[in-house]
Amino acid sequence: MEPLDIDLDSAELDIPAEPALLNVGPAHPAMHGTVRIVMELSGETILKADVQVGYLHRGFEKMCERGTWSQVFPYVDRCNYVSPMLNNVAFALACEKMLGVQVPVRCQHYRVILGELARMSDHLTCTGAMAMELGAFTPFLWLIKAREMIWDLMEEETGARLTHSFGRVGGMAKPPTSGFKEHALAVKSQVLEVVAEAEKLLLGNRIFLDRLDNVGVVSAEDAVSLGWTGPCLRASGVAYDVRKAAPYMTYGQYDFEVPVGTRGDCYDRFVIRLEEVRQSARIIEQAVQQMPDEGPIDIDDPRIVLPPKDEVYTTIEGTIQHFKIVMEGLKIPAGEVYSYTEGGNGELGFYLVSDGSGTPYRVRIRPPCFLVTAGLEKVITGEMMSDVVPCFGSLNMIGGECDR
C-alpha cells in the first residue's frame, strides 16, 4: 500500500479539545492550610480559577461570643498562628478603645517590640516557605533558624512558644524579664545576618528569579479594588501602612520607612517582606532605647486588671477582685467600636459590640489574609500551572484567618 502524501502544513486538522478541570487542595502541601482551588486549564495555562476557603470552619467569632472578654485571647492567638502576638495586641487595643483607657508608656513600647518580633517571624516563615517550594531548601532552613531565635525569646517572655495568650485588657500578663532588652537586640541582629545570607543565595539565582519575575502581576488599582492591605498591597506600589497612616501606641515616635514595589509581581512581594524585616529591626532598636526600665505595665484600675497572685492568696479584697473579673468578666460599657492595627499581612481590624455585660455581644474580625486570598483568582488566571506555587506562596495565606 502506498503511503498517504499529506501536507501537514496546509492540512486543516480539526482535533476536538476542551478545557481540563484540575482540583488542587484542600489537603496539599502547597496550599498552606485548607484551601481548595478548582482550575480550568488549556494545556498548562489557567483559564479560570475557583478559590474555595471555608474548609477550616471553627466558628472563631461565635466562640469569642461565648466567654468573657479576657477569654478571647486564646482564640485570637489561633487566627494567625505565625504572629499571634500581633493579634493579642490588636484585640486588647480594641477593648481599651471601648473602655477609653490607655496603657502606660512602658507597656506600649513592650507591645511594640513583641509585635515587631512577631512580624519578623511572620515574614521569615513566608519567605522561607516560598524559597523551599521553589526548590531552595537551604535558605528555608536558615530563615526558619532565625524564626526559632524569635520564638526562643517569646517563650522566655510569655512562657509559651507559639500561642502565647499574653495580652491583657489594660496591659500584659507580666512585665518584661530582666534581660529582655539585651535579648531583643541580640535576636534582631542575628535575624538581620540570616536575612542577608539568604538574600545572597536567592537574589542572584537565575532559576529562582525566573520563577518570580513578572509572575502574578497585580496592579495598584486592582490591589485596592480587591481590598488588599499589607505587603501584597505595598508590593503593588501603594504605600499604605496602618502604623504610618493611623499611628497607634508609640508608632508615631519611631523613624522607619514603608517599602513599596513597582510591578506588583511575586518578586516584589518576596523582597518587600525581607525589607520589612529590616524596618521592624529599626523599630525594635528605637523602642528598646525609649522603653523605661521601671514603671507599671498595667493600668491602675482594679475593675479591669487582675490583682497580683500574692494578693489573691493573702487578702480578701484581692480574692474578690480576681473572682469578679474571672467569673463575671470585665464590664465594658455598652456600645460598638472598630479598632485596626497593622498585622503581619495587612490591616487587622476588630469590630466589637458590647451590651454592658462581661461577655462580648458581637465579635467580628477583619482578617487581612481573607481578602488577600480572595484575590488569588486574579493573580493566577492567565498564568501557567507551575506558577500557582510561587503566586500562592507570595500571598502568605494563613488558614486561621480565612475561617469564615
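The values are calculated or read from the model by the stated rules, or taken from the named source; none is laboratory data. No experiment lies behind these values; they were computed from the predicted model shown. Note: ideal-geometry Cβ built from the backbone for every residue, glycine included; neighbour counts use all protein chains shown.
Values as computed for the structure displayed
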quantity	calculated
Flag if TYR338 is exposed (fewer than 15 other Cβ atoms within 10 Å of the Cβ) and at pLDDT 95 or above	yes
Subset of the stretch 329-366 that is polar (S, T, N, Q) and part of a loop (DSSP other than H, G, I, E, B) - its residue that is farthest from TYR251 (Cα to Cα)	SER357
Selected residue (criterion: nearest to VAL89 (Cα to Cα)) from residues of the stretch 31-79 that are part of a loop (DSSP other than H, G, I, E, B) and basic (Lys, Arg)	ARG78
Out of LEU8, LEU56, sole residue that is under 30 Å from ILE144 (Cβ atoms) and either hydroxyl-bearing (Ser, Thr, Tyr) or modelled with pLDDT under 85 (or both)	LEU56
Residue match in the stretch 82-94 (condition: under 30 Å from CYS391 (Cα atoms) and surrounded by fewer than 23 Cβ atoms within 10 Å (Cβ to Cβ))	yes
Which listed residue, of ASP222, ASP255, is outside any helix (DSSP H, G or I) and of a type in the set (D, E, K, R)	ASP255
Qualifying residues in the stretch 220-233 (those that are surrounded by 14 or more Cβ atoms within 10 Å (Cβ to Cβ) and without any contact (Cβ under 8 Å) to a residue 60 or more places away in the chain) - the one farthest from MET384 (Cα to Cα)	VAL224
Helices (runs of 4 or more DSSP H) wholly inside the stretch 115-217 that include at least 2 residues being under 21 Å from the mean Cα position of the chain (by Cα) and buried (at least 18 other Cβ atoms within 10 Å of the Cβ)	137-158, 180-202
Filter pass, SER236 being buried (at least 22 other Cβ atoms within 10 Å of the Cβ) and in contact (Cβ under 8 Å) with a residue 60 or more places away in the chain	no
Filter result for ARG243 (buried (at least 17 other Cβ atoms within 10 Å of the Cβ), assigned to a helix (DSSP H, G or I), touching a Pro at 6+ places or on another chain (Cβ under 6 Å) and not aliphatic (A, V, I, L, M))	no
Members of the stretch 353-380 found to be among the β-branched types (Val, Ile, Thr) and either loosely packed, with under 15 Cβ neighbours inside 10 Å or under 30 Å from TRP69 (Cα atoms) (or both), listed by number	VAL353, THR359, VAL363, ILE365, VAL372, THR373
Residues that are free of Cβ contacts under 8 Å to residues at least 40 places away in the same chain and either exposed (fewer than 11 other Cβ atoms within 10 Å of the Cβ) or of a type in the set (D, E, K, R) (or both), drawn from the stretch 315-331	ILE316, GLU317, LYS324, MET327, LYS331
Residue check for VAL112: under 30 Å from GLU336 (Cβ atoms), touching a Lys or Arg at 6+ places or on another chain (Cβ under 8 Å) and either at pLDDT 95 or above or of a type in the set (Phe, Trp, Tyr) (or both)	no
Residues located in the stretch 225-238, provided they are outside any helix (DSSP H, G or I) and under 20 Å from SER339 (Cα atoms)	GLY227, TRP228, THR229
For MET39: the one exception among (1) within 30 Å of VAL326 (Cβ to Cβ); (2) modelled with pLDDT of 90 or more	(1)
Pairs, first surrounded by fewer than 20 Cβ atoms within 10 Å (Cβ to Cβ) in the stretch 45-73, second part of a loop (DSSP other than H, G, I, E, B) and aromatic (Phe, Trp, Tyr), C-beta under 6 Å, six or more apart	none
